[in-house]
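Q: First the structure, then my questions, so here it is.
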Amino acid sequence: MSLNKNIKLILNYVVGPALLILISYHLYHKLSTSPQLSFDLNTIQQNISKNGMLLPLVSLLLMLLQWTIEALKWRKILGAVSFHMKWATSLKMIFAGQSFSFVTPNRMGEFIGRVVYLPSEKKGIGTAFTVYNTVVQISVYCFFASIAFYFYDATSLSKKLSSSTGEWIEILQLVALLISFACIIFFVIQKRLFIFLMNTHFLKKFTNIWSACMQINHETSIVMFGLTILKTLIIVFQYWLVFSWLGVDISFISTFAGVSLMLFGLVVIPTISFVEIGLRWEFSYLLFSVYTSNLLGITIGATIIWLLNVVLPAIIGAFWLIFKPIDRIDP
């Protein structure tokens with residue numbers, strides 16, 4: 001057990017940062033040797049001067065909107081077991097989860113932030129509901145990726161990289177479709193699945209959790225899906241606004257394709273939040289290279305969105321945890 005823990009610590013806090021350094025150096029080398037670096041930098045400066053600060057301000061407001069939507073989802077799913085809380089409390093729990101997730105693999109810390117303030121008898125249910133919410137999010141990301149693959153110019157990417165790239169894209173498209181299909185099946189048969197788990201001998205001790213999960217009806221699932229789709233579209237719109245602000249000439253459809261595939265990649269590849277920026281750089285540089293030559297603008301844009309959507313919420317969550325801790329919620 002101790003060995004596994006030590007391996008995880010090494011992977012998360014030694015290998016992870018080392019990979020981030022390598023990715024950063026790789027990206028720096030690509031950008032610094034670009035023949036049009038000066039032109040791209042001048043384009044960005046001119047557009048920022050021309051566009052002012054309205055577009056990044058709107059992107060900031062959209063960040064607040066997307067986490068508000070996440071708080072509404074959390075309230076909605078807890079309402080399935082008649083457990084109600086104030087919207088402000090739900091939002092604080094979401095930001096607290098972001099703070100914890102910043103240094104945990106695949107944002108596992110979100111479980112802590114969402115569950116730690118629940119009553120003891122609700123913690124197991126809260127954990128199960130967090131997993132359920134994660135499945136919803138993954139299914140939406142995979143569904144978006146399945147659509148994005150049809151819009152994405154894989155042929156141009158294959159020419160830039162290697163002939164085998166097209167084959168890999170076909171494999172990833174199949175993976176996205178299979179995960180989407182599996183999630184749809186899960187949501188269709190979820191009640192029967194929970195009944196099966198409830199009647200499984202070694203899982204009977206979690207009967208209260210399976211019973212709570214059975215209270216998630218199709219109406220709740222549809223609302224969860226709808227809000228998650230809306231939140232994901234907001235993220236795409238954020239990217240498009242920031243790219244426009246930086247003078248990156250790219251259409252909304254192309255932005256949708258690139259961002260959807262990037263989000264899918266972040267789901268497939270395990271990482272931690274402070275290393276995630278490196279993957280965002282690489283994905284952005286790779287995916288958007290078929291649409292624009294202003295890769296400096298793409299990289300800066302991806303960094304701004306990461307700061308807005310990941311770092312800033314984590315800071316807000318840390319502030320609440322330190323200076324205004326959330327009172328433990330009574331049932």
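Q: When you check THR232 against the structure, is it in contact (Cβ under 8 Å) with a residue 40 or more places away in the chain and closer than 30 Å to VAL81 by Cβ, yes or no?
A: yes
Q: While we're here: Could you grab me the full set of residues in region 239-295 that are modelled with pLDDT of 90 or more, among the hydroxyl-bearing types (Ser, Thr, Tyr), over 12 Å from the mean Cα position of the chain (by Cα) and crowded, with 19+ Cβ neighbours inside 10 Å?
A: Answer for region 239-295, where residues must be modelled with pLDDT of 90 or more, among the hydroxyl-bearing types (Ser, Thr, Tyr), over 12 Å from the mean Cα position of the chain (by Cα) and crowded, with 19+ Cβ neighbours inside 10 Å: TYR239, SER254, THR255.
Q: For a quick check of your reading: which helices (runs of 4 or more DSSP H) sit entirely within region 116-218 and have at least 1 residues that are farther than 21 Å from LYS76 by Cβ, without any contact (Cβ under 8 Å) to a residue 40 or more places away in the chain and charged (D, E, K, R)? If you could, list the steps in order and put the result at the bottom.
A: Values: elements: 120-151, 154-160, 165-188, 190-199, 207-214.
Counting at least 1 such residues, we get 154-160, 165-188, 190-199.
Q: Output the number of the condition that ALA302 fails; it satisfies all remaining conditions of (1) at pLDDT 85 or above; (2) more than 19 Å from the chain's Cα centre (by Cα).
A: Failed condition: (2).
Q: Oh, and also: Can you spot a residue in region 65-83 that is assigned to a helix (DSSP H, G or I), at pLDDT below 60 and of a type in the set (Gly, Ala, Ser)?
A: no
Q: I've got another one for you. Residue check: is THR155 modelled with pLDDT under 80 and of a type in the set (Val, Ile, Thr)?
A: yes
Q: I would also like to ask the following. Only one residue in GLY297, GLY265 is assigned to a helix (DSSP H, G or I) and under 29 Å from GLN46 (Cβ atoms), so which one is that?
A: The unique qualifying residue is GLY297.
Matching residues to (1) touching a Pro at 6+ places or on another chain (Cβ under 8 Å); (2) aliphatic (A, V, I, L, M); (3) surrounded by fewer than 14 Cβ atoms within 10 Å (Cβ to Cβ):
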residue	(1), (2), (3)
SER146	no, no, no
GLU170	no, no, yes
ASN199	no, no, yes
LYS204	no, no, yes
TRP210	no, no, no
CYS213	no, no, no
ILE222	no, yes, yes
ILE235	no, yes, no
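The values are calculated or read from the model by the stated rules, or taken from the named source; none is laboratory data. Since the model is a prediction, treat every value here as computed from it, not as a measurement. Because the Cβ atoms are built from the backbone with ideal geometry, glycine has one as well, and the counts that use them run over all protein chains shown.
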